[in-house]
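Visitor: Quick one: the structure is below, and I'll ask about it shortly.
The values are calculated or read from the model by the stated rules, or taken from the named source; none is laboratory data. In this text the structure is predicted, and so the values were computed from the model without any measurement. We place every Cβ from the backbone using ideal geometry, glycine too, and count neighbours over all the protein chains shown.
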Protein chains: 2
Amino acid sequence: MSLINENFIKIPSSYLFSEIARRVNQLQQEQPDAAIIRMGIGDVSLPLPEASVEAMLRATEEQRHRETFRGYGPEQGYDFLRKAICENDYHTRGIQLEMDEVFVSDGSKSDTGNIGDIFSTANKVAITDPGYPVYVDTNAMAGRAGEPTETGTWSNLVYLKANESNGFVPALPTEKVDLIYLCYPNNPTGTTLTRDQLKKWVDYAREHKSILLFDAAYEAFITEPDVPHSIYEIEGAREVAIEFRSFSKTAGFTGTRCAYTIVPRNLMAYTKNGDAIALNRLWNRRHTTKFNGTSYIVQRAAEATYSPEGKAQVRAMINYYMENARIIREGLSKAGYTIYGGINAPYIWAKAPQGMSSWNYFDYLLKEKKLVTTPGAGFGASGEGFVRFSAFGQREDTLEAMKRME
Amino acid sequence: MSLINENFIKIPSSYLFSEIARRVNQLQQEQPDAAIIRMGIGDVSLPLPEASVEAMLRATEEQRHRETFRGYGPEQGYDFLRKAICENDYHTRGIQLEMDEVFVSDGSKSDTGNIGDIFSTANKVAITDPGYPVYVDTNAMAGRAGEPTETGTWSNLVYLKANESNGFVPALPTEKVDLIYLCYPNNPTGTTLTRDQLKKWVDYAREHKSILLFDAAYEAFITEPDVPHSIYEIEGAREVAIEFRSFSKTAGFTGTRCAYTIVPRNLMAYTKNGDAIALNRLWNRRHTTKFNGTSYIVQRAAEATYSPEGKAQVRAMINYYMENARIIREGLSKAGYTIYGGINAPYIWAKAPQGMSSWNYFDYLLKEKKLVTTPGAGFGASGEGFVRFSAFGQREDTLEAMKRME
């Protein structure tokens, strides 16, 4: 008799953003003429950079002809892209990185979900609360989360609370943890850690032989100088951290799909007997066995974001979104809301008025203002009482949304 | 202390095709002028169908403009593609299938590897021997394979031997198994099962509440009428089978990346207590949590293979490769080799002469004939003494290869 992985029936059957979509669809059916503005899921609204479009057109033409056609590529990504990543995202910041430490993929959702494959289910996992639901759900699927509790948490996860009282800077865990998910600039709160604050985590990991799973999907939105773009800017991080990066938000690749993961060669985890094993080799085995490479044309599109034109186009997109973020910050502040984030990240974390719950406030904004946000509670218990506004919309929608919030 | 998944250190560090690439590179360095012909990995050599190229160019143009830009799509794939799949690959064969039973992905290597996530590690797994290495490796990673033995097998896997003595039709297992990987038309042997032979497996699965994981990546190459294209042609299969399909070999998408997996709504597996759980819901949760959809432009390229022009172009490609297969069959037969396959599949399974081992014969063909094949032993113990010839090369290379084999 075939047995299911019973961890799957412990987790809620629907993903956060599916539930939001369901409620939005319902409103749309009830009020077909409602001018709904979407500031929820965090999808981008500007088209692909011209440089990427041109590169994809060229690559597609190559696929038309026998002489230039490309079949299977290296599962880890083409050298042209891995090299561009090393040079532009790391060497320019003084971080040493070799091509074989870069694994190109179809997205950070896949990578942050799949990375668990190479780790024992016996590891104690810590996640920031609130946090990206994929960290929790994928650990629950693997059996590392334990059992769901009545309050919506999991019995075996350690929650690193980030809230108003600690200025969204989570304290180091009091119990020993082995795998630590950190996302900075943070999704959903839009807050960051300074170099010194991040260094504490690197030091913790070095002391306890823990691994930091550092999700830097929003690094391109950093505007302040003391905020690290890569965890490898912190001394010793190469020995304890895996870093996830994505072209999705940076260059509008949410529907085009490209990301990458850094697994340094000297990053070790351990057997039960205490033998150190290089994770680069393990992830390479996973990546080459359960993945067959990112589409060639997409890799060319990603490479083009590093050309001089591509860089300028990407910068202009990010500036556009960060101007939206400024408008949202200003609009919500003027309207009397308590807000966080939006300076080094495209997300604004807004406190629901009068102690309303996240979902109630989400429903209120949807029904009364026709605005789609993301309820903070969907990101974890510490997100209760907040909603997330995304700055990825079009300018006119952002302005209109703030008019409605006045 | 972070612990690794120790199953990873039990498996050989290199994937079969990486080892082949290493040996080929070595020869190339020693003899830079050697005219090497690659009939190994099974990568295609013809460019993408024109219809797919045109569709990608159009979709890329859409991504250039704000009004037509597409960001995140449905993780399960766009309706336009799921609908085309249902109508063209299933309804035309009298198989009922709904869109929500189709999950579009970036490749069957990902899908056949990731499908294990939704199953308990306690399931007893059977795989055909020889077979696609991903089935074995991914079950080893998950801990279902047990321990490696001295003969290269795994202690906890059940091997369904397909060899000359049983005409490459594996017998039903004598011990009870829960998950059964079947690949037909078969990789690597190129052999098939008739309807009656496949029905025995469906009946077995129904009787034992097992699940068939049916890899139909090569169905488009079937030329004989009694060979089922889909397992769902067999009565009752919807209750016991998951089917994997790919555009890689069918339409030259090896570097473009698109595939799909069918999980029927009435397909059940069980909790330890014997409760039936719909696998469609579980796979949907997995797919939406650890994957973020296939690139939009790639889905448009896949859709185009179902247009009238696309169908004709795909058919022409398949005919080209199957003519190669005929040439290889004829060439090897004339040269006195014992061969199998190549009639309903693009692979020819050739017996090494004089009882040579697979790897020895592989090395012989590489050094003496400058031909790259795939050693049968790389697909499992029962592949020993054989090599696989791929028909995916260019015509002139295929003819030249057969000249060298005379």
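Visitor: Give region A:366-402 a look and list any residue that's assigned to a loop (DSSP other than H, G, I, E, B) and away from chain B (no Cβ under 14 Å), or say none.
Guide: Within region A:366-402, A:Lys370, A:Thr373, A:Gly380, A:Glu384, A:Gly385, A:Ala391 qualify.
Visitor: Within region B:121-158, restricting attention to residues that are of a type in the set (D, E, K, R) and either assigned to a helix (DSSP H, G or I) or away from chain A (no Cβ under 14 Å) (or both), which residue is surrounded by the most Cβ atoms within 10 Å (Cβ to Cβ)?
Guide: B:Asp137
Visitor: I'd like to know if region B:112-120 contains one or more residues that are among the small types (Gly, Ala, Ser) and assigned to a loop (DSSP other than H, G, I, E, B).
Guide: yes
Visitor: Another one. What number of residues within region B:229-281 satisfy the criterion of being among the hydrophobic types (A, V, I, L, M, F, W, C), assigned to a helix (DSSP H, G or I) and within 11 Å of chain A (Cβ to nearest Cβ)? Before you say what the answer is, go through the steps one by one.
Guide: As a first pass, look at region B:229-281 and keep what is among the hydrophobic types (A, V, I, L, M, F, W, C): B:231, B:234, B:237, B:240-242, B:244, B:247, B:251, B:253, B:258-259, B:262-263, B:267-269, B:276-279.
With assigned to a helix (DSSP H, G or I) added as a condition, the list becomes B:231, B:237, B:251, B:279.
Still in the list and also within 11 Å of chain A (Cβ to nearest Cβ): B:279.
Number satisfying all stated conditions: 1.
Visitor: Please verify whether region A:223-231 includes one or more residues that are crowded, with 22+ Cβ neighbours inside 10 Å and more than 30 Å from A:Thr338 (Cβ to Cβ).
Guide: no
Visitor: Can you name the residue in region A:178-222 that is of a type in the set (Lys, Arg) and within 14 Å of chain B (Cβ to nearest Cβ) and, of all such residues, is surrounded by the most Cβ atoms within 10 Å (Cβ to Cβ)?
Guide: Checked region A:178-222; the qualifying residue surrounded by the most Cβ atoms within 10 Å (Cβ to Cβ) is A:Lys209.
Visitor: Does at least one position in region A:245-252 carry a residue that is out of contact with any Leu (no Cβ under 8 Å at 6 or more places or on another chain), within 23 Å of A:Ala84 (Cα to Cα) and surrounded by fewer than 20 Cβ atoms within 10 Å (Cβ to Cβ)?
Guide: Among the residues of region A:245-252, not one is out of contact with any Leu (no Cβ under 8 Å at 6 or more places or on another chain), within 23 Å of A:Ala84 (Cα to Cα) and surrounded by fewer than 20 Cβ atoms within 10 Å (Cβ to Cβ), which makes the answer no.
Visitor: Would you call B:Ile328 of a type in the set (A, V, I, L, M, F, W, C), assigned to a helix (DSSP H, G or I), more than 30 Å from B:Cys86 (Cβ to Cβ) and at pLDDT 95 or above?
Guide: yes
Visitor: Looking at (1) over 30 Å from B:His65 (Cβ atoms); (2) surrounded by 18 or more Cβ atoms within 10 Å (Cβ to Cβ); (3) in the same structural domain as A:Ala269 (by TED's automatic domain parsing), which one does A:Arg281 not meet, given that it meets all the others?
Guide: If we test A:Arg281 against (1) over 30 Å from B:His65 (Cβ atoms); (2) surrounded by 18 or more Cβ atoms within 10 Å (Cβ to Cβ); (3) in the same structural domain as A:Ala269 (by TED's automatic domain parsing), just (2) comes out false.
Visitor: Among the residues of region B:180-226, write down those that are assigned to a loop (DSSP other than H, G, I, E, B) and of a type in the set (D, E, K, R).
Guide: Once the filter is applied, which keeps residues that are assigned to a loop (DSSP other than H, G, I, E, B) and of a type in the set (D, E, K, R), region B:180-226 yields B:Lys209, B:Glu224, B:Asp226.
Visitor: Which of the residues belonging to region A:90-132 are in contact with a Pro (Cβ under 7 Å, 6 or more places away or on another chain) and under 28 Å from A:Gly385 (Cβ atoms)?
Guide: Hits for region A:90-132 are A:Ala126, A:Thr128, A:Pro130.
Visitor: Here's something else I'd like to know. Tally up the residues in region B:61-71 that are acidic (Asp, Glu) and either more than 14 Å from chain A (Cβ to nearest Cβ) or buried (at least 21 other Cβ atoms within 10 Å of the Cβ) (or both), please.
Guide: Within region B:61-71, the subset acidic (Asp, Glu) is B:61-62, B:67.
This time we only want the ones that are either more than 14 Å from chain A (Cβ to nearest Cβ) or buried (at least 21 other Cβ atoms within 10 Å of the Cβ) (or both), so: none.
Count: 0.
Visitor: To continue, here is another question. When you check A:Tyr78 against the structure, is it aromatic (Phe, Trp, Tyr) and away from chain B (no Cβ under 14 Å), yes or no?
Guide: When the stated conditions are applied, A:Tyr78 does not pass them.
To keep it simple, each residue is scored yes or no on (1) part of a helix (DSSP H, G or I); (2) within 9 Å of chain A (Cβ to nearest Cβ); (3) buried (at least 18 other Cβ atoms within 10 Å of the Cβ).
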site: B:Arg22; (1), (2), (3): yes, no, no
site: B:Val44; (1), (2), (3): no, yes, yes
site: B:Met56; (1), (2), (3): yes, yes, yes
site: B:Gly73; (1), (2), (3): no, yes, yes
site: B:Glu87; (1), (2), (3): yes, no, no
site: B:Leu97; (1), (2), (3): no, no, yes
site: B:Val104; (1), (2), (3): no, no, yes
site: B:Lys109; (1), (2), (3): yes, yes, yes
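Visitor: Here's another thing I want to ask about it. Which condition from (1) surrounded by fewer than 15 Cβ atoms within 10 Å (Cβ to Cβ); (2) out of contact with any Ser or Thr (no Cβ under 9 Å at 6 or more places or on another chain); (3) in contact (Cβ under 8 Å) with a residue 60 or more places away in the chain is the one that A:Glu323 breaks?
Guide: (2)
Let's see how each residue does on (1) under 30 Å from B:Ala316 (Cα atoms); (2) assigned by TED's automatic domain parsing to the domain that holds B:Glu224; (3) over 16 Å from the mean Cα position of the chain (by Cα); (4) surrounded by fewer than 24 Cβ atoms within 10 Å (Cβ to Cβ):
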position: B:Leu332; (1), (2), (3), (4): yes, no, yes, yes
position: B:Ala345; (1), (2), (3), (4): yes, no, no, no
position: B:Glu368; (1), (2), (3), (4): no, no, yes, yes
position: B:Ala377; (1), (2), (3), (4): no, no, yes, yes
position: B:Ala381; (1), (2), (3), (4): no, no, yes, yes
position: B:Arg395; (1), (2), (3), (4): yes, no, yes, yes
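Visitor: For region A:26-42, what are the residues that are closer than 28 Å to A:Ala345 by Cα and more than 10 Å from chain B (Cβ to nearest Cβ)?
Guide: Residues satisfying the conditions are A:Ala35, A:Ile36, A:Ile37, A:Arg38, A:Met39, A:Gly40.
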